[in-house]
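Written below as C-alpha cells is the structure these notes are about.
Where a number appears in this text, it was derived from the coordinates with a stated rule and is not lab data. In this text, all values refer to a predicted model and were calculated from it rather than measured experimentally. Cβ: placed from backbone, ideal geometry, glycine included. Neighbour counts: every protein chain shown.
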Amino acid sequence: MARAQSSFPTRTVRALVTGGSGGIGAAICRRLAHSGMHVVVHANRRPEEARELVKELGAAGANAEFVQFDVTDSTAASVALERLLAAGPIQVLINNAGVHDDAPLAGMRPEQWRRVIDVSLNGFYNVTQPLLLPMIRTRWGRIVSVSSIAGIMGNRGQANYAAAKAGLHGASKSLAIEVASRGITVNVVAPGIIETPMSAQTFPPEEINRIVPMQRAGTPEEVAALTAFLASNEAAYITGQVISVNGGMA
C-alpha cells in the first residue's frame, strides 16, 4: 500500500527567501506572499530595498518581515535564524542569495573564486543546516535553491559561478534523499537569461535572439511561478530535481 503524502500544514507557513531584495528574489517573495505564506525577506547589502518590499507586501494585506545577515558568516546566520525560529519553524526555504564576479580562470584572483563560492555554496549550508531539524519535526517542508544555467552548461568567464551552482545541485540532490521520508522536498531552479538590470547590460537583444531559441529573456515572475509551485503541496512528489527556466537554451 502506498504511503500517504504529508499534508500541508494547517497553520500559516513561514517562508524565508535569502537575497529577497533582488529582482528574482522579490518576485519570489511576492508570489509566496500571494499564496498566503508569511514571508521573511532577507537581505545583506541592500536592506533598504528589502524593507520597502516588506512594506509593499504589508500594504497588500500579506504577512512579511525583514531579516538582515551575511550568509557567509556562519555565526551571524546562526544568531539571526535562532531568533526567527523562536517564533516557530521555517517550513519553506528559498536559497536565492548569490553573487558573480566574472573573469577567465587564468586571470581570476583567489578572492574572486572564494567569494562567489562562499555566498552560493557555503551560504547554502549556513542557512539550510540550522533550519533542518525544526523543519523535520513538522514532517513537512520545501527547500528550493536558485541556481543558474551556468551550473548545467558552464559559461565562459564564470568558472567560479558555475562551480558554485553545480555544487548546489549535488548538495540538493543529496539532501533530498536524506529528508524525503520526512515530507520534505529539495529542488533546484536554474534560470537562464532573465530580465534584470544586470542581464540587460550583459545580453543585448541581438545576443539573446542568437542564443535563446524563444528569442527573449525570461521574467522574474516566470522563475517565481516555478519556485512557488515547488514550494506548494501540489509538488509533494517532486524532489531531488534541477529544473531550468531558460527558453530552450538547454
Starting from the alpha-carbon convex hull of segment 101-168, give the projected area averaged over all orientations, in nm². 4.8
Rg(Cα)/(2.2 N^0.38 Å) for the chain, N = residue count: 0.98
Max mean-square fluctuation residue, GNM over the chain, Cα-Cα springs under 10 Å, options Ala33, Ala171, Ala231: Ala171
Under the rule of at least 5 residues apart or a separate chain, name every residue whose amide H is placed under 5 Å from the amide H of Ser244. Ala190
Between helix 123-138 and the chain, what is the angle of the helix's C-alpha long axis to the longest principal axis, kept within 0 to 90° and rounded to the nearest 10? 20
7 Å from Cα along Cα→Cβ at both Thr202 and Ala59: what's the point-to-point distance in nm? 3.1
Fully extended, how many nm does the chain gain between Arg46 and Glu234 (0.36 nm per residue separation, minus their Cα-Cα distance)? 64.4 nm
From the phi angles alone, apply the Karplus equation (6.51, -1.76, 1.60; θ = phi - 60°) to segment 49-61 and give each ³J(HN,Hα) in whole Hz, x where the residue is Gly or Pro. 5, 5, 5, 5, 5, 4, 4, 4, 5, x, 5, 8, x
If I take R0 = 22 Å and measure r between the Cβ atoms of Glu82 and Arg11 in this structure, what FRET efficiency does the formula 1/(1 + (r/R0)^6) give, to the nearest 0.05? 0.60
So if I place +1 on the C-beta of Lys and Arg and -1 on the C-beta of Asp and Glu, and nothing else carries charge, what would the dipole magnitude of the chain be about its Cα centre? I want it in debye, nearest 20. 680
